[in-house]
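Let me begin by presenting the structure, written as structure tokens, before commenting on it.
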Amino acid sequence: MILGVRASLSPQPLLALSSSMTSIKLIQADAEREVGIGMLLRQRREELVWSVEEVVRKTGIPKHAITAIDQENYYAFWGNAPVLDSYIRLYAKKIGFSLLMHEHLITKAKNSIKPSNPGVGFIHEAKLGR
């Protein structure tokens, strides 16, 4: 029987292993979840250490719109894809984020707020008396 072996074992290696396993799980979860344009813009804004209020001042975009884009809550722009598009482009320009490789993400964001049922638009227009 070896004396003192048990006393020399430290919980640190187990904790490090547990921590690295958690990191691996988080990386896998991120890889499975597609990154959207709002997340990319928010990350760039945070890299610049700009607050939402600072972006509002520099762009003139309403605070609720910047927050909605940052959170990828595109339903705040329901039925108004051109406004969403222009806000994303202005936001990106002011923070120095190139959209060249991300046009498909803008299209995806705009498509997410279009009614999937053509009758919905008709009913909405009928209620407005158009």
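The values are calculated or read from the model by the stated rules, or taken from the named source; none is laboratory data. All values derive from a computational prediction rather than experimental measurement. As a convention, Cβ positions derive from the backbone with ideal geometry for all residues, glycine included, and neighbour counts pool all protein chains shown.
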Study note, to complete from the structure: The residue that is modelled with the lowest pLDDT, considering only those in the stretch 62-86 that are within 14 Å of the chain's Cα centre (by Cα) and among the hydroxyl-bearing types (Ser, Thr, Tyr), is Tyr75
Study note, to complete from the structure: For the stretch 44-59, the count of residues that are touching a residue at least 24 places away in the same chain (Cβ under 8 Å) and of a type outside the set (Ser, Thr, Tyr) equals 6
**Study point:** Residues being assigned to a helix (DSSP H, G or I) and closer than 23 Å to Lys114 by Cα - total across the stretch 45-103
**Key:** 25
Exercise for review: Kindly indicate which of Arg45, Arg89 is surrounded by fewer than 16 Cβ atoms within 10 Å (Cβ to Cβ) and either modelled with pLDDT of 85 or more or out of contact with any Lys or Arg (no Cβ under 6 Å at 6 or more places or on another chain) (or both).
Suggested key: Arg89
Revision key, fill the gap. Conditions (1) within 17 Å of the chain's Cα centre (by Cα); (2) at pLDDT 95 or above -> Asn111 fails only (2)
